[in-house]
1. With the requirement that a residue be open to solvent by 10 Å² or more (accessible area, probe 1.4 Å) and among the acidic types (Asp, Glu), what does the stretch 85-114 give you?
2. Name the residue, out of Met141, Met112, that is under 24 Å from Leu293 (Cα atoms) and in contact with a strand residue (DSSP E or B) (Cβ under 6 Å, 6 or more places away or on another chain).
3. I'd like the residue in the stretch 541-562 that is touching a Phe, Trp or Tyr at 6+ places or on another chain (Cβ under 6 Å) and assigned to a strand (DSSP E or B) and, out of all such residues, is farthest from Asp598 (Cα to Cα).
4. For the stretch 633-651, indicate whether the set of residues that are under 18 Å from Gly177 (Cβ atoms), open to solvent by 30 Å² or more (accessible area, probe 1.4 Å) and not basic (Lys, Arg) is non-empty.
5. I'd like the residue in the stretch 358-382 that is in contact with a helix residue (DSSP H, G or I) (Cβ under 9 Å, 6 or more places away or on another chain), hydrophobic (A, V, I, L, M, F, W, C) and surrounded by fewer than 22 Cβ atoms within 10 Å (Cβ to Cβ) and, out of all such residues, is modelled with the highest pLDDT.
6. Just checking, which of Arg414, Arg388 is of a type outside the set (A, V, I, L, M), free of Cβ contacts under 8 Å to residues at least 60 places away in the same chain, in contact with a helix residue (DSSP H, G or I) (Cβ under 8 Å, 6 or more places away or on another chain) and buried (at least 16 other Cβ atoms within 10 Å of the Cβ)?
7. Could you say which residue among Ile116, Ile127 is under 12 Å from the mean Cα position of the chain (by Cα) and in a helix (DSSP H, G or I)?
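The values are calculated or read from the model by the stated rules, or taken from the named source; none is laboratory data. The structure presented is a predicted model; accordingly, all values stated were derived computationally and were not measured. No Cβ is skipped: glycine too gets one built from the backbone with ideal geometry, and neighbour counts run over all protein chains shown. Ligands, DNA and RNA are excluded from the accessible area calculation, which covers all protein heavy atoms including side chains. Shrake-Rupley method; radii C 1.70, N 1.55, O 1.52, S 1.80 Å.
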Amino acid sequence: MRVYAAVIFFCLTVVVKPVAHAGDEQASQEFTVDDIIVQASGEAVDRNVVPREIVEAGRFTNQGEALTQVPGVSVVRRGASATEPVIRGLGWERVTTQVDGLPLYGACPARMDPPITYVRSYAPEEIQVIKGLASVSLGPMGTGGRIVIDTDYARDPDDPAGLAGWFKLGGETNRNGVAGEAGVKGGNRWLDIKGTVEALGYSDYTSGNGTVVPANQEEYSAALSAGIRPKENHRWSNTLNYVREDDIDYPALPMDMDATDYLLYTTGYRIKPERGSLEQMDFSFGLQSIDHLMSNREKPNRGILEAETPSESNTFSGSAKSTFNMASGINLNAGADFYHLNRDATRTRRIVMSGMTFNDRIWPDVTQWDLGGYAEVQAQLADDLDLRVGGRIDFVSSDAGAADAPSLMMKTVREQYVNFYGADAADVTQEEVVGSGNIVLSWQPMARVATHIGGGIATRPAGVTERFYAFAPAPGGFLVGNPTLDPEKKIELEWGIDFNYPRVEASLSLFHNWVQDYILQTEIDRFDVNGDGVEDVVRGFSNVDARLYGAELSLRLRAGEHWSFPVTASFVRGRNSTDDRNLPEIPPLEGTVAARFDAGDEFPWYAQAGGRFVDRQDRIDETFPENETAGFATFHLRGGITLHRVIKIEMGVENLFDKEYNEHLTREAFFTQGDLVQGGEVPAPGRTLYASLRFDF
């Protein structure tokens, strides 16, 4: 009997009749649920989804961990803090992550560094998680949702001139971790400026039953944001972010990270004309550069094989867009954007006994660029009825510049593509034209109730890893990309409703997606690659048709002035329609329930007790491969206090009862190492105490 499923089902079926009270203030359009602001997806781009307060508590090392608090968002983990978002069952590079308009891409072929992990807790001024029906103005469409991060610090020009600063120190017991940051921000009517530095260090953690999991992590970072207003209604923005990472453990991978340098710069110019139909013009440009080094120097096979992989990822992008007031209640957004991505990685392997050295291309100098244009209309059809409709077209070119470099088995990279996918795979220059669009209708029948319904098509060309990964060893055997892949095409439908009453705040979303030519990583062959008499699994990529559907609920019940009871639940199912089996890496049904006491503004402190309930996941794709995972429940205690408006203290206990469990999307151990067994599950941390102190001056 699935006890946790029953608990979550109860959360989903709670029915509360909202009652309006005379004299209530106008309801806000934002719905706060357990520190998360939840909105209808048709308007999510205008709202802050993950407030700063949730990451300032010291519970998370990066924004990827913070996003796990959003219903419908899960993460794949290959290391303790290596969180790769999965939105509504769709992950990998289907989820677009962008900072100040620049799309981000990691530099590790094994996905050690999902781009969201480079976003520090202090960096964002605003984050939105758009689960579906994203505006076409945000850039090329991903089929798995979008994470939009704004790091530009912009003050109200009428605010008093000056500078303010802060210092923050936090830590936790299980990983013996300490993190500290300091920064200043301020400006005057013509200048906005913010600067921050951070350092953190963590070590291995222990699971509920005492299993020690390698989890070392050292990071240093700095960020600078400067906005200049050269004249009225003009603003020039600049942001610079740098992250250095050292000695990070990845128990689910054959290597660990030795060092990574991440550098990002964005600049933009905004003009708001004072007359005419042109309301606003925006121009932006951005650069991202990542140098990444990984090796097996701390892995148990080091005495047999010495392996090292330097890799790099470089991106630049730009955009120009305009907003026009076409008529009363009708706006037109139109523009163009582009990005250029280059990735290169070569692994060096040295056989210790013989001294023989081999160089394996992993990303064979791969390039992808995209040039797109779009138009979108937003119209107020009536006082309570709004329409958004838009479309875009993208021209995409992908190429592998080192396809004729040597590969395994005395073949070139190109010959390996042909060996596994046929003669058409010899062409490593692919050019595609793809289109996307959607329509969202929003209706507010009452002041405190809003609903939306929408549909659309999102098209995503294959990423460079899916298309061009050179035949090489990888977790689970060997992996090879497929240059002949067709673009993914997702048809999506979504309906949602939001309530905001004094005693009840709630948001419910239902979605159904059909994906034509879903790009599936799967087994494509088995044979003895190494000549050691052992049959090896060769994995590749193929197009199949798929279907995903599910729901998300966020609910907060208020009892009196101080008590509230937040509840969340999320559910998704994914099916490979072509092969009539489950899709891989689909998160299980889960929900959260908590009770929270807020003392009020005069002496602001809060206390919260809650639990997370996760169902077992037996709907798996054994060919991926992945294993069934058991359900579990964990509980927490959290609290905080603000003193004299300048000192903020927060502390808590996660996994209160020291439960032994593992997340379904955490990948299995690659080696037998310490307490971990090759192919076995990597357990989550046991009981963890954390605390943080922030001082503003």
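1. Across the stretch 85-114, the qualifying residues are Glu93, Asp100.
2. Working: Met141 fails: under 24 Å from Leu293 (Cα atoms).
Step by step, each of Met141, Met112 is checked, and only Met112 is under 24 Å from Leu293 (Cα atoms) and in contact with a strand residue (DSSP E or B) (Cβ under 6 Å, 6 or more places away or on another chain).
3. First pass over the stretch 541-562, keeping only residues touching a Phe, Trp or Tyr at 6+ places or on another chain (Cβ under 6 Å): 544, 546-547, 550-551, 557, 562.
Still in the list and also assigned to a strand (DSSP E or B): 544, 546-547, 550-551, 557.
On the way: Val544: 50, Ala546: 45, Arg547: 43, Gly550: 33, Ala551: 29, Leu557: 14 Å.
Ranking the candidates gives Val544 first.
4. Yes, the stretch 633-651 has at least one match.
5. Ala375
6. Working: Arg388 fails: free of Cβ contacts under 8 Å to residues at least 60 places away in the same chain.
Residue meeting the stated conditions: Arg414.
7. Working: Ile127 fails: in a helix (DSSP H, G or I).
Going through Ile116, Ile127 in turn, the sole match is Ile116.
Let's see how each residue does on (1) closer than 21 Å to Gly476 by Cα; (2) at pLDDT 95 or above; (3) touching a Leu at 6+ places or on another chain (Cβ under 9 Å); (4) of a type in the set (Phe, Trp, Tyr):
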residue: Val534; (1), (2), (3), (4): yes, no, no, no
residue: Phe541; (1), (2), (3), (4): yes, yes, yes, yes
residue: Tyr549; (1), (2), (3), (4): no, yes, yes, yes
residue: Arg558; (1), (2), (3), (4): no, yes, no, no
residue: Phe565; (1), (2), (3), (4): no, yes, yes, yes
